[in-house]
Structure formats: C-alpha cells, structure tokens
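Participant: Mind having a look at this structure? Questions to follow.
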Amino acid sequence: MRKKLGCEGATRLRPARHNFAAAALVGAGVLLGWLPWRGVPSAQAYKIASGVSPGCHETITTDALRAARLQRPDAAPLPADRNERALIGDLEFSVPSDLADLGGATLLIGVRDNDLKGRDSADVSQLALVHGDPAAQREHCLRTLTDKEPDGSQNAVSSCRAFILERTAQALDGLDVAGMPDVTKRTTIPLYLSLRHAVNPALPTYYLRIGQAIHAIEDSFTHTYRTPDGMQITTVLNWVNEADGNLVEAMDGPPHVSELDRCDDPDDLRLGKRQLATAAATEMLLATLAPNQTNDQKMAAVGVIMDKYLSYSPGCNFANGWCAAPEHAYTNGSALGCEVAGPPSRGRGIAAALLLAMFALFATFTRRRARAGGASVALLAVFFVSLAAAPARGETAKTPVVETHTAVVPVEPGPPDPAQRAFGVFLGGSGSINHQAFSGSVGGRLRLTKIVMLGLDAEWNPWIAVNGMTTVRAGAFNGYGSLILRAPLYYEKFNLRVTFSAGVSRLLIDLYGAPKGSTGIFVAFSPLGLEWKAASTFYVILNPLGIAVPVPQLKGVPFSYPQYRATLGVEFYGG
C-alpha cells in the first residue's frame with residue numbers, strides 16, 4: 001500500500017529499477033566474498049590433503065602405517081584424551097577412522113609439517129615463504145641455491161639423507177625402553193587447525209619426527225630423476241631458482257615439475273614412484289619400531305634403507321639430456337610450481353565483496369543528493385543528514401502542506417505514527433566471508449522513537465570447517481542485546497540503520513584447549529544497514545557489511561571466531 005502526499009519541494013520517488021539494481025550489486029558483492037579466487041600455486045612435491053582434494057603424502061603414509069602395524073602388532077595405537085580428540089577432529093584434513101589415534105594422527109601431522117610449518121594450508125602467501133626458503137630445500141630432497149653442476153645432484157642427495165637421519169635420531173629419542181613409542185615423550189610444534197586456528201600442541205615425539213623424515217623420503221621419488229629400476233637417484237630437481245625465474249638448467253639442474261607430483265597413477269612411471277615411496281616409508285616404520293633393539297641398531301637399519309632408496313648414481317648431466325631420463329619429458333603445463341591441495345586465497349574475494357557493496361550503497365544513497373552535496377558525499381554523512389530531513393515528532397502522513405506536486409510515500413510498517421513506540425519480531429540469517437560460518441537468529445524489537453530501537457536476540461552460529469573431518473560443526477550459541485540507530489528516509493522505499501550488539505557466547509563443541517560449554521562474550525557491529533519497507537507489516541533488513549566476534553573461551557588461551565558477515569532478515573510490526 002502507498003499513500004499520496006502533497007509536499008512543498010517534494011522530490012519524486014526514484015524508479016524502482018535503481019533500487020533493484022543496487023540490491024543486485026550488493027548481493028553480487030556478498031556472493032563474490034564466497035567465490036574461490038585462485039591464488040599462486042605454492043607447495044612442495046606430493047600434494048597435502050585439504051578440503052578440495054585428497055593428499056598424496058597422507059595416502060602414502062597411511063598405507064605405510066597400516067602395513068607396519070600389521071607386521072608390528074606391539075606398535076599399538078596411542079590413546080588420546082578428550083582434548084587430543086578435539087585436536088584430531090579439528091585437523092585441516094581427514095584422518096582415517098582406523099588411524100585416528102594420537103599416534104596415527106601425529107604421524108600425519110609430522111608428514112604435513114615440512115610443507116606447512118604451522119601455517120594455514122589455504123594461505124598461499126605464507127606457504128610461498130615456507131617453500132621458497134633455500135635452507136629448507138633438503139626437507140624435500142631438492143637443490144639449494146648452492147647445489148650447482150657438476151656436483152649439484154650429489155650434494156642435494158647428501159643433504160636430504162642428512163636431514164632424514166637427523167629427524168630419525170630425534171624420533172628414536174621418543175621411544176620407551178622396549179623400543180615402542182612413548183606417549184609421555186613429547187615435542188611442541190606449531191599447528192594450524194580448521195576452527196581453533198593457531199595452536200602449539202605437545203605431540204608424541206616419535207611419530208612427529210619420523211613423519212618429518214618420511215616426508216623427505218617420499219619427496220625423493222617425485223623430486224628426482226632415477227635409474228630405470230627407480231632405486232637410485234641420477235638427478236635432483238630445482239625449485240628455488242625456478243620459482244625466482246632465474247634457472248639455468250645446465251648449471252642449476254632441471255626445474256621442479258608439478259606433473260611428477262601426481263599420485264593417482266596416471267602412467268607406469270608415476271605408479272612406480274608411488275609404490276616405491278610407499279615401500280620406503282613402510283620400511284622406515286618397521287626399522288624404527290623393531291622391538292628390543294638399541295637405537296644404534298635401528299639407525300644402522302635406517303642407513304641400509306637410505307642406501308637402498310636414496311643412493312646417488314653419477315654420470316647424468318645437461319649435455320647427455322640427464323641420461324635421457326623419461327621424467328625430463330614431463331612439464332609444468334599451465335601452472336608453475338608444486339601444488340597444495342587447498343582452497344585458494346580468500347583475500348581478493350573479500351575485497352571484491354566490500355568494494356561492490358560499498359559502490360552499490362553509495363550509488364543508491366547519493367544519486368538524489370548529488371546536486372546539493374556532490375557525488376563524493378560520504379555514506380556516513382548521508383546517514384546523519386537524513387535524520388534532519390525526516391518528519392518531526394507528531395507529524396504523520398496525513399498532515400496537509402502546501403502542494404506543488406505529488407510524490408509517492410511508502411508506508412512505514414507498524415503504527416500510523418512512525419514516532420510511536422512499537423514492538424516487533426526479527427527473524428534472520430547471515431553468512432561469514434572470512435572464517436566460514438552462518439547463523440540463524442530470532443529476536444524481539446522495541447522501537448522507542450523514530451531513531452532509537454532496542455533488540456534482544458538468540459542466535460545459533462554453526463561454523464564451517466572447510467578442510468576438516470566434519471564440514472559443518474555446531475559452533476556457538478550467542479545471546480545479545482542490540483542498540484539500533486535509524487535514519488528514516490521518508491520518501492524512499494528504505495531507511496538506514498547502524499547496529500551495535502553485545503552479549504554472551506557459549507561453545508557448543510569441543511575444540512583443542514576450549515572445551516564444550518565454555519562461555520564468554522559476544523560483540524558485533526554493523527555500520528550501515530538497509531530497511532526495505534516491503535509491506536505495511538514488515539521490513540526486509542539487509543546488513544551487507546558487519547563484523548561479529550564470539551569469544552566463547554576467555555580463560556587460559558582465549559579463543560575467538562571473528563566473522564565478517566552479510567545478514568538478511570525480516571522485521572515484523574503490528575499496525
């Protein structure tokens with residue numbers, strides 16, 4: 001329903017198509033915040049698992065651990081307490097159910113650590129720093145900047161072997177007197193979890209360190225050219241010079257090739273590499289888990305494994321095409337560098353969302369005021385200037401004034417007098433564009449004046465573990481009160497609002513260091529929202545740009561889950 005009002009100097013309501021176009025732009029901006037923007041590929045060797053792809057390192061290592069436990073029944077799984085089970089459930093990858101004990105999960109964490117070093121597997125900018133570190137190339141059996149021809153491959157193999165032996169010796173320090181993993185011997189490591197994010201857990205030393213050693217062994221099959229039987233290394237590949245764009249193959253060796261990183265057995269060559277990597281990893285576990293042997297005996301057995309799978313065969317160089325290695329025929333294709341099987345960077349998506357939403361709002365609210373203030377008037381200024389333009393207290397839509405021409409005035413939902421106190425109900429939902437989450441809320445509204453409104457809301461806020469074992473987790477319950485400041489736009493189909501919220505947040509799931517039931521605070525702020533006067537009884541509410549911060553864990557190491565939200569809801573008022 002719409003009313004006609006004669007008004008001096010009234011401006012005709014903007015055609016509806018402008019409002020729909022602006023709404024479409026806002027919606028597009030919010031949607032772009034969720035779209036996957038592809039980042040620069042960055043990682044090392046066989047892929048690590050994430051939310052979009054299974055990982056090679058995890059698959060190979062899982063097969064090796066299963067085989068080792070079949071042959072070493074006394075190497076039993078390590079029990080995990082409630083806090084450790086929460087950590088396992090929040091990992092950025094899925095742990096197979098038969099290996100979801102503390103030992104099996106720690107082994108996989110160790111295997112992934114060479115590639116991540118405590119970083120988010122989706123943060124390609126940080127991972128590029130990890131993988132481009134010249135000092136860390138030996139952890140992946142790659143050349144460093146100093147491994148030049150003619151001795152570059154031999155030196156790189158020696159460095160890789162030295163790293164494996166170092167980590168193996170550290171792993172053996174985590175065994176008990178019977179030669180089995182000791183759950184009380186632990187090493188602290190930085191680790192990034194899907195929901196809890198950055199933590200520093202103390203994990204069983206044996207499984208953590210042997211996992212790091214096994215990563216390098218597995219990489220030695222994808223980062224090298226080998227003899228026809230696959231048992232000896234003829235040439236080591238180069239990542240750092242290739243990534244820097246200054247690789248000279250005759251001096252620096254062949255470039256790393258992403259096609260060699262595949263473990264889905266697309267041909268006999270890559271099938272053979274995967275099978276040998278699995279066999280070598282299995283033998284490492286069996287040798288270091290052998291019961292009733294001294295550490296010196298176990299290190300001697302590991303040396304035999306190194307000679308078997310990581311010995312250097314000389315004679316291959318640039319001049320002879322690296323002994324016509326079949327691996328040399330593979331290329332990087334359209335992508336440069338190794339792959340991380342992870343979701344792409346979200347930063348550009350968020351930026352696009354903010355820019356499009358701000359543009360849409362600016363275009364909508366400044367078009368009619370361009371003559372008075374110019375198109376460069378800030379949105380915040382428009383908000384407060386509009387307060388002065390709203391009808392005064394007591395003035396209703398039926399107040400007669402001098403008529404020059406007519407304008408269509410949308411009806412404000414609620415009582416006929418928009419300044420009259422009114423009670424309402426709010427139903428809404430939101431989505432987060434940084435830490436993935438959504439929420440559903442229900443609440444009451446008390447409109448004290450045309451400008452001031454109070455709210456009381458209850459909200460269920462599930463969180464999305466993009467890389468974790470469970471896609472959607474219960475998250476938190478948030479209860480909060482709100483102060484809403486409104487700017488009625490009398491001749492428009494919409495009003496503006498700013499919302500401040502504060503209350504409590506209660507954790508509904510177990511997280512590492514933050515048990516279920518932990519209760520803390522909740523704060524939120526929406527700097528610019530829209531009230532669309534959709535009917536005489538309700539508004540459609542759009543808050544395209546807002547931040548909500550549940551902090552359900554305050555003691556110990558506090559835990560928060562901040563969310564940049566877009567919210568859509570309906571607010572009902574009786575007439």
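Participant: Please work out which residue is least open to solvent (accessible area, probe 1.4 Å), limiting yourself to region 450-466 and to residues that are without any contact (Cβ under 8 Å) to a residue 60 or more places away in the chain and within 18 Å of the chain's Cα centre (by Cα).
Facilitator: To start, the set of residues in region 450-466 that are without any contact (Cβ under 8 Å) to a residue 60 or more places away in the chain comprises 452-460, 462, 464.
When the remaining residues are screened for being within 18 Å of the chain's Cα centre (by Cα), the result is 462, 464.
Working: 462: 2, 464: 35 Å².
Result: 462.
Participant: Separate question: How many residues are of a type in the set (Ser, Thr, Tyr) and buried (at least 22 other Cβ atoms within 10 Å of the Cβ) when one looks only at region 522-543? Let's see the steps before the verdict.
Facilitator: Initially, region 522-543 is screened for residues of a type in the set (Ser, Thr, Tyr), giving 526, 536-537, 539.
From the residues that got through so far, the ones that are buried (at least 22 other Cβ atoms within 10 Å of the Cβ) too are 526, 539.
Qualifying residue count, region 522-543: 2.
Participant: So, one more: Which members of region 153-197 meet the condition of being among the β-branched types (Val, Ile, Thr), in contact with a strand residue (DSSP E or B) (Cβ under 7 Å, 6 or more places away or on another chain) and in a loop (DSSP other than H, G, I, E, B)? Steps first, answer last, please.
Facilitator: Taking region 153-197 and keeping what is among the β-branched types (Val, Ile, Thr), we get 157, 164, 168, 177, 183-184, 187-189.
Keeping just the survivors that are in contact with a strand residue (DSSP E or B) (Cβ under 7 Å, 6 or more places away or on another chain) gives 157, 183, 187-189.
Once the filter is applied, which keeps residues that are among the β-branched types (Val, Ile, Thr), in contact with a strand residue (DSSP E or B) (Cβ under 7 Å, 6 or more places away or on another chain) and in a loop (DSSP other than H, G, I, E, B), region 153-197 yields 183, 189.
Participant: Anything in region 480-496 that is part of a strand (DSSP E or B) and either open to solvent by less than 20 Å² (accessible area, probe 1.4 Å) or in contact with a Cys (Cβ under 6 Å, 6 or more places away or on another chain) (or both)? List them, or say none. Spell out the reasoning first.
Facilitator: Keep residues of region 480-496 that are part of a strand (DSSP E or B), which gives 480-487, 494-496.
482, 484, 486, 487, 494, 495, 496 - these are the residues of region 480-496 that are part of a strand (DSSP E or B) and either open to solvent by less than 20 Å² (accessible area, probe 1.4 Å) or in contact with a Cys (Cβ under 6 Å, 6 or more places away or on another chain) (or both).
Participant: Can you tell me which condition residue 103 does not meet? The list is (1) in a helix (DSSP H, G or I); (2) in contact with a Ser or Thr (Cβ under 6 Å, 6 or more places away or on another chain), and all the others hold.
Facilitator: Single failed check for residue 103: (2).
Participant: Let me ask you something else. Of (1) in contact with a helix residue (DSSP H, G or I) (Cβ under 7 Å, 6 or more places away or on another chain); (2) closer than 22 Å to residue 321 by Cβ; (3) without any contact (Cβ under 8 Å) to a residue 24 or more places away in the chain, residue 287 satisfies all except one. Which?
Facilitator: (2)
Participant: If you scan region 544-572, which residues turn out to be in a strand (DSSP E or B), among the small types (Gly, Ala, Ser) and either open to solvent by 60 Å² or more (accessible area, probe 1.4 Å) or modelled with pLDDT under 95 (or both)?
Facilitator: Applying the first criterion (in a strand (DSSP E or B)) to region 544-572 yields 544-551, 553, 559, 563-572.
From what is left, the residues that are among the small types (Gly, Ala, Ser) are 546, 548, 566, 569.
Hits for region 544-572: nothing passes.
Participant: Keeping to region 212-270, report how many residues are touching a Gly at 6+ places or on another chain (Cβ under 6 Å), closer than 13 Å to residue 326 by Cα and touching a residue at least 60 places away in the same chain (Cβ under 8 Å).
Facilitator: Summing the residues that are touching a Gly at 6+ places or on another chain (Cβ under 6 Å), closer than 13 Å to residue 326 by Cα and touching a residue at least 60 places away in the same chain (Cβ under 8 Å) in region 212-270 gives 0.
Participant: Mind listing just one residue for me: the one in region 61-100 that is at pLDDT 95 or above, of a type in the set (Asp, Glu) and part of a helix (DSSP H, G or I) and, of those, surrounded by the most Cβ atoms within 10 Å (Cβ to Cβ)?
Facilitator: 84
Participant: Hey, among the residues in region 388-410 that are over 47 Å from the mean Cα position of the chain (by Cα) and outside any loop (DSSP other than H, G, I, E, B), which one's modelled with the lowest pLDDT? Talk me through it step by step, then tell me what you get.
Facilitator: The first filter runs over region 388-410 and keeps only residues over 47 Å from the mean Cα position of the chain (by Cα), leaving 391-408.
Pick out the ones that are also outside any loop (DSSP other than H, G, I, E, B) and you get 405-408.
Details: 405: 51, 406: 58, 407: 62, 408: 74.
Applying the filter and picking the extreme gives 405.
Participant: Kindly indicate whether any position in region 411-422 is among the acidic types (Asp, Glu) and in a strand (DSSP E or B). Step through it out loud before you land on a result.
Facilitator: First, pick out the residues of region 411-422 that are among the acidic types (Asp, Glu): 412, 417.
Checking the rest, the ones that are also in a strand (DSSP E or B) come to none.
No - not one qualifying residue is present in region 411-422.
Participant: Here is a further query. Answer with yes or no whether residue 153 is open to solvent by 20 Å² or more (accessible area, probe 1.4 Å), small (Gly, Ala, Ser) and more than 26 Å from residue 89 (Cα to Cα). Can you show your working first?
Facilitator: Details: open to solvent by 20 Å² or more (accessible area, probe 1.4 Å): no; small (Gly, Ala, Ser): yes; more than 26 Å from residue 89 (Cα to Cα): yes.
Considered against the rule, which asks whether it is open to solvent by 20 Å² or more (accessible area, probe 1.4 Å), small (Gly, Ala, Ser) and more than 26 Å from residue 89 (Cα to Cα), residue 153 comes out as no.
Participant: Got a sec? Which of 561, 490 is out of contact with any strand residue (DSSP E or B) (no Cβ under 6 Å at 6 or more places or on another chain) and either closer than 30 Å to residue 83 by Cβ or not polar (S, T, N, Q) (or both)? If you could, list the steps in order and put the result at the bottom.
Facilitator: Working: 561 fails: out of contact with any strand residue (DSSP E or B) (no Cβ under 6 Å at 6 or more places or on another chain).
Checking each option against the conditions leaves just 490.
The values are calculated or read from the model by the stated rules, or taken from the named source; none is laboratory data. None of these values were measured; they are calculated from a predicted model. In this analysis, Cβ positions are derived from the backbone assuming ideal geometry, glycine residues included, and neighbour counts consider all displayed protein chains. Accessible surface areas use protein heavy atoms only, side chains included; no ligands, DNA or RNA. Shrake-Rupley method; radii C 1.70, N 1.55, O 1.52, S 1.80 Å.
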